[in-house]
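This report concerns only the one structure given below.
The values are calculated or read from the model by the stated rules, or taken from the named source; none is laboratory data. Nothing here was measured: the structure is a model prediction, and the numbers come from that model. As a convention, Cβ positions derive from the backbone with ideal geometry for all residues, glycine included, and neighbour counts pool all protein chains shown. For the accessible areas, the whole protein counts, side chains as well, though only heavy atoms, and no ligand, DNA or RNA atoms are used. Shrake-Rupley method; radii C 1.70, N 1.55, O 1.52, S 1.80 Å.
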Amino acid sequence: MKYLMILLALITTAGCSVNDIVEPTASTPQKFDLADNDRDGVIMARERCADTIIDAAADNYGCGSIKDINERQELKILFSNNSAVIDQQYYDQIELVAKIMQTDPTTKVTIEGHTSKIGSYELNLALSQKRAKAVIEVLENTFGIDASRLDAIGYSFDRPIDNSGTPEAERRNRRVIAEVATDDTIPAMRWNIYTVDEKMEE
């Protein structure tokens, strides 16, 4: 009798557990649009600025940031004393300027040439102009930038960045500056986990 009671209890328990299972009859409706159509990392339910440029920096509502293109950038090109020759290892520095100009055809660039204080003012004025023109020739001949968008100006040693008079200071003063100017703006871009690989593939 005792074993019969245990058996009945087990059957009853099993029956109850089976009855507790509820089979879904329909999918749960999604209240919010979780798609990210413009791939800016913001779901459509929160999106306020559709069609964000891919890889543009965006806020929590999918609106991209805008920045002025106007900027000054020192090109990391080292010149030998009394030389305007650009070693090919520095072409990647000039390519940074070329890419900005290729992205936006409204940009114009002024290349400034600067020298150390070794030698006469007149000699350095001519040398600084040659250095600026050397960069422009690379932009034209290697990267296909139209000459009408480029200008060169030499400053001799009027604008040193280091007045200490040491050999290192004179080396630093032998430099070129690229001044990019336009009336337009460009989207501020963001880094992503693929950025390094993309640059390596170029």
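Miscellaneous remarks
- Label-reachable residues, the range 115-151, where backbone N falls under 19 Å from a point 7 Å from GLN89's Cα toward its Cβ: 135
- Solvent-accessible area per residue, Å², over the range 104-149 with all protein chains present [probe radius 1.4 Å]: 48 Å²
- Between ILE161 and GLU140, the C-beta separation translates, for a Förster distance of 25 Å, into a calculated FRET efficiency of about 0.40.
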